[in-house]
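Every number in this text was worked out from the coordinates using simple rules, so none of it is lab data. Please read these numbers as outputs of a predicted model, since none were measured by experiment. Cβ placement follows ideal geometry from the backbone for every residue including glycine, while neighbour counts extend to all protein chains displayed.
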Amino acid sequence: MLKEIGPAIKITLLLTLLTGLIYPLAVTGVTQILFPHQANGSLVTAGGKFAGSELIGQTFAKPGYFHSRPSAAGSGYDGTASGGSNFGPTSQKLTDRVKADVDKFQKENPGHTGPIPADLMTASASGLDPHISPDAAEAQVDRVAKVRGAPADQIRSLVASATESRTMGFLGEPRVNVLKLNLSLDNRYPLSR
């Protein structure tokens, strides 16, 4: 019996060593050398302090900042509770939340006259999306410019420079990373304290 079990134990130990130790260490080493920023969480710093990650959204509620899209992850952008709300189109809770978000948006952005961009009213599938559409940023420009005391055209220029194009020229849609845009905003047009 030991004759049959011996090879099974040896192959289990070998595969555990290869797939549980050697492979993860090799992949970690290669990524640390080739892609250190991404391998360490794509962290963003401002003024020498950690400000967030390029990959996970944050809530920005002050009027002098561009606001992110709604989040269904926990109490909002909670990485441990990633996921959508799973509310269907006939859900009264979804209807009530969207109506409340529309009212809030219109109150905060009275100068916006066009349709409200859908991504400002709907959560992403993960609830952690750090991006908004260029249209969603444009819808907030007048409010941000007024609070910051900056010309709206200069804020639009900042949005344009923060707009990321499609990946490889054809994947996805143009998008704006809200954290990076707000950090640029703080750098160029700081809020008076």
| If each residue's Cβ is checked for other Cβ atoms within 10 Å, how do Glu4, Glu138, Glu54, Glu173 rank with the fewest at the top? | Glu4, Glu173, Glu54, Glu138
| message | With a cut-off of 8 Å between alpha carbons and a minimum separation of six or more residues, what is the relative contact order of the chain in percent? | response | 20 percent
| Which far-off residues, 5 or more places away or on another chain, put their amide H under 5 Å from the one on Ala51, with H placed in the peptide plane? | Val44, Thr45, Ala46
| said: Between helix 152-162 and the chain, what is the angle of the helix's C-alpha long axis to the longest principal axis, kept within 0 to 90° and rounded to the nearest 10? | reply: 10 degrees
| message | Which entries of Lys49/Lys99; Lys49/Lys104; Lys107/Lys180; Lys62/Lys99; Lys93/Lys146; Lys93/Lys180 have Cα-Cα distances beyond 28 Å here? | response | Lys49/Lys99; Lys49/Lys104; Lys93/Lys146; Lys93/Lys180
| field | Phi-based couplings in Hz for the stretch 133-139 (Karplus 6.51, -1.76, 1.60; Gly and Pro marked x) | value | 6, x, 5, 5, 5, 4, 5
| Using a Gaussian network model of the chain with C-alpha springs under 10 Å, which one of Pro117, Pro63, Pro89 is most mobile by mean-square fluctuation? | Pro89
| Using the alpha-carbon atoms, what tilt in degrees (0 to 90, nearest 10) does helix 178-188 show relative to the longest principal axis of the chain? | 50 degrees
| task | Using amide H atoms built 1.01 Å from N in the peptide plane, name the residues 5+ places from Asp78, or on other chains, whose amide H lies under 5 Å from its own. | result | Ala73
| request: With r as the distance between the Cβ atoms of Lys99 and Ser192 and R0 = 35 Å, compute the FRET efficiency 1/(1 + (r/R0)^6) and round to 0.05. | output: 0.55
| Label-point separation, Lys10 to Ala152 (7 Å along Cα→Cβ), nm | 7.7 nm
| Taking Cα atoms, how many degrees apart are the long axis of helix 23-34 and the longest axis of the chain, rounded to 10 and kept between 0 and 90? | 40 degrees
| message | Let me check I have the definition right: for the stretch 11-165, take the eigenvalues of the Cα gyration tensor, multiply each by 5, take square roots. What are those semi-axes in whole Å, largest first? | response | 38, 23, 12
| the chain: most fluctuating residue of Leu17, Leu34, Leu94 per GNM, C-alpha cutoff 10 Å | Leu17
| remark: Most exposed first, judged by fewest Cβ atoms within 10 angstrom, Asp101, Asp96 run Asp96, Asp101
